[in-house]
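Comments concern the structure below.
The values are calculated or read from the model by the stated rules, or taken from the named source; none is laboratory data. Values in this document were obtained by computation on a predicted structure and should not be read as measured data. Note that each Cβ is placed from the backbone with ideal geometry, even for glycine, and that neighbours are counted across all protein chains shown.
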Amino acid sequence: MSTVTLYSATGCPLCVKYKTLLTDKGVRYIEKNTTEQPALLDELAKKGIRMVPTVFVGEKFVAGFRPNSLLELLP
């Protein structure tokens, strides 16, 4: 299974929704909080992404809160 990584921010309600969705689906994920580690925003920007939440499933990603698109990427 591909690694699932959630780029989030403190106080982000859509990030919380993604955490709930992933947990409810039984998906193990790594959370990278951009508020606690601002350098992570540069990591995203290098990939052309300028928003959180962003979820990576392997090399594919969903930027913004698009749960149906994320569900299509999950196994």
Scan of segment 14-50 for residues that are among the hydrophobic types (A, V, I, L, M, F, W, C) and over 19 Å from E72 (Cβ atoms), ordered by number: C15, V16, I30, A39, L40, L41, L44, A45
Listing of helices (runs of 4 or more DSSP H) fully contained in the chain that carry 1 or more residues being modelled with pLDDT of 95 or more, basic (K, R) and in contact with a Phe, Trp or Tyr (Cβ under 7 Å, 6 or more places away or on another chain): 13-24
Residue that is surrounded by the fewest Cβ atoms within 10 Å (Cβ to Cβ), among those in segment 53-72 that are of a type in the set (A, V, I, L, M, F, W, C) and within 18 Å of T3 (Cα to Cα): L71
Hits in segment 13-32 (condition: out of contact with any helix residue (DSSP H, G or I) (no Cβ under 9 Å at 6 or more places or on another chain), surrounded by fewer than 18 Cβ atoms within 10 Å (Cβ to Cβ) and either farther than 15 Å from V52 by Cβ or in contact (Cβ under 8 Å) with a residue 24 or more places away in the chain (or both)): L14, T20, T23, D24, G26, I30
Residues of segment 50-70 that turn out to be aliphatic (A, V, I, L, M) and without any contact (Cβ under 8 Å) to a residue 24 or more places away in the chain, as a count: 3
